[in-house]
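**Student:** My questions will all concern the structure given below.
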Amino acid sequence: MNEQKKYENTKHEEKNISSKEAVEEAVSKEESKDELQLLKEENTKLKDSFLRAYAEAENTKKRCQQEIEKNSKFAISEFAKELLGVADNLQRAMTSAKNSDNEQCKALLQGVEMTQKELTKVFAKFGIKKIDCLDTVFDPNLERVVQEIEDKEKPAGTVIAELQSAYTINDRILREAMVVVTKGGKKA
């Protein structure tokens, strides 16, 4: 009987041990599930942070590229403004030479016209365009009024004289025109 009790005690202990192991194993599995869930959540957060950082880096790259393009387009603006004075002087020389009957003035006029054509080609190469404002309605974004003249024949606000031409560089105003406009006529 003693043996029987020992045997039963051993069996009972084995059951206790196996049930303890089962409990420990269950607890361990539960901890593993919790740990796995925490790792998944952390992984999701890290992925989100990475994607946000990557998107920000791409946006910065695009902004820098756009800034570089803009700077290269408009880098010559100050230089171009200085050359506009040369274009104005060539135009004045042509206007003066056209009014003369002298043969030397006609030869000079030809040379000045060729120089102006070459300058116009260079301007076009770099996106610089002259804007013709004569006989158009006054545009405050492109022109500056220096004088108003009474004229009942033309609508009010019509440009009748251009003292200085307007120029754009890559569709941005480089220099506004100085113009004379009408007043007193019908509204345009």
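**Student:** Which of the residues belonging to the range 124-162 are over 33 Å from the mean Cα position of the chain (by Cα) and among the small types (Gly, Ala, Ser)?
**Tutor:** Correct list: 156, 157, 161.
**Student:** Please work out which residue is surrounded by the most Cβ atoms within 10 Å (Cβ to Cβ), limiting yourself to the range 119-143 and to residues that are under 20 Å from residue 78 (Cα atoms) and of a type in the set (D, E, K, R).
**Tutor:** Per the criteria, the residue is 143.
**Student:** Based on what the data block shows, is residue 97 in contact with a Cys (Cβ under 8 Å, 6 or more places away or on another chain) and over 17 Å from residue 166 (Cβ atoms)?
**Tutor:** On the way: in contact with a Cys (Cβ under 8 Å, 6 or more places away or on another chain): yes; over 17 Å from residue 166 (Cβ atoms): yes.
Taking the combined requirement at face value, the residue satisfies it.
**Student:** Within the range 145-187, can you find the residues that are farther than 19 Å from residue 91 by Cβ, in contact with a helix residue (DSSP H, G or I) (Cβ under 9 Å, 6 or more places away or on another chain) and of a type outside the set (Lys, Arg)?
**Tutor:** 170
**Student:** Pairs under 7 Å by beta carbon, first residue more than 17 Å from residue 82 (Cβ to Cβ) and buried (at least 18 other Cβ atoms within 10 Å of the Cβ) in the range 164-188, partner modelled with pLDDT under 90 and basic (Lys, Arg), six or more apart or different chains?
**Tutor:** Partner pairs satisfying both residue conditions: 182/154.
**Student:** So which residues in the range 142-181 are part of a loop (DSSP other than H, G, I, E, B) and in contact with a strand residue (DSSP E or B) (Cβ under 7 Å, 6 or more places away or on another chain), if there are any at all?
**Tutor:** Answer for the range 142-181, where residues must be part of a loop (DSSP other than H, G, I, E, B) and in contact with a strand residue (DSSP E or B) (Cβ under 7 Å, 6 or more places away or on another chain): 142, 151, 154, 155, 157, 165, 176.
For every residue, the table says whether it meets (1) β-branched (Val, Ile, Thr); (2) touching a residue at least 12 places away in the same chain (Cβ under 8 Å); (3) more than 24 Å from residue 180 (Cα to Cα).
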residue	(1), (2), (3)
90	no, yes, no
96	no, no, no
105	no, no, yes
108	no, yes, yes
114	no, no, yes
118	no, no, yes
122	yes, no, yes
128	yes, yes, no
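**Student:** Let me ask something else about it. Quick check: anything in the range 120-132 in a helix (DSSP H, G or I) and β-branched (Val, Ile, Thr)?
**Tutor:** Scanning the range 120-132, I find at least one residue that is in a helix (DSSP H, G or I) and β-branched (Val, Ile, Thr), so the answer is yes.
The values are calculated or read from the model by the stated rules, or taken from the named source; none is laboratory data. Values in this document were obtained by computation on a predicted structure and should not be read as measured data. As a convention, Cβ positions derive from the backbone with ideal geometry for all residues, glycine included, and neighbour counts pool all protein chains shown.
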